[in-house]
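The values are calculated or read from the model by the stated rules, or taken from the named source; none is laboratory data. Remember, it's a predicted structure, so these values are computed and weren't measured experimentally. Cβ: placed from backbone, ideal geometry, glycine included. Neighbour counts: every protein chain shown. The accessibility values were calculated without ligands, DNA or RNA, using every heavy atom of the protein model including side chains. Shrake-Rupley method; radii C 1.70, N 1.55, O 1.52, S 1.80 Å.
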Amino acid sequence: MASLVHPRVSVDPAVCGGRPVIAGTRVRVSDVLDMLAGGASIAEIVADFPYVSAQDVAAALAFAARNADHPVVTVAG
């Protein structure tokens, strides 16, 4: 049972241990982020993984940005 958490990102317990992936692939969002952090360009990622589009890479970034944020906790005092 896959769930779309973003139009281009899905989570399915049967795929990559339930980690977020580019929908319809086994390319994890974390793999895309690691490649970008390592200096790969979007064009290089798309060339290495022809089933991944530039829009998929952008979706991985948007998904990661949205999930990197967290609520600010304040102490009442």
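Based on this model, can you work out whether residue 42 counts as surrounded by 14 or more Cβ atoms within 10 Å (Cβ to Cβ), at pLDDT 95 or above and either basic (Lys, Arg) or in contact with a strand residue (DSSP E or B) (Cβ under 8 Å, 6 or more places away or on another chain) (or both)? Explain how you work it out, then say what you get.
Working: surrounded by 14 or more Cβ atoms within 10 Å (Cβ to Cβ): yes; at pLDDT 95 or above: yes; either basic (Lys, Arg) or in contact with a strand residue (DSSP E or B) (Cβ under 8 Å, 6 or more places away or on another chain) (or both): no.
Spelling it out, it is not the case that residue 42 is surrounded by 14 or more Cβ atoms within 10 Å (Cβ to Cβ), at pLDDT 95 or above and either basic (Lys, Arg) or in contact with a strand residue (DSSP E or B) (Cβ under 8 Å, 6 or more places away or on another chain) (or both).
Go through region 8-19 and give me each residue that's within 15 Å of residue 65 (Cα to Cα) and open to solvent by 40 Å² or more (accessible area, probe 1.4 Å).
8
So which of 3, 10 ends up being touching an Asp or Glu at 6+ places or on another chain (Cβ under 8 Å), among the polar types (S, T, N, Q) and modelled with pLDDT under 95?
On the way: 10 fails: touching an Asp or Glu at 6+ places or on another chain (Cβ under 8 Å).
After ruling out the rest, the residue left standing is 3.
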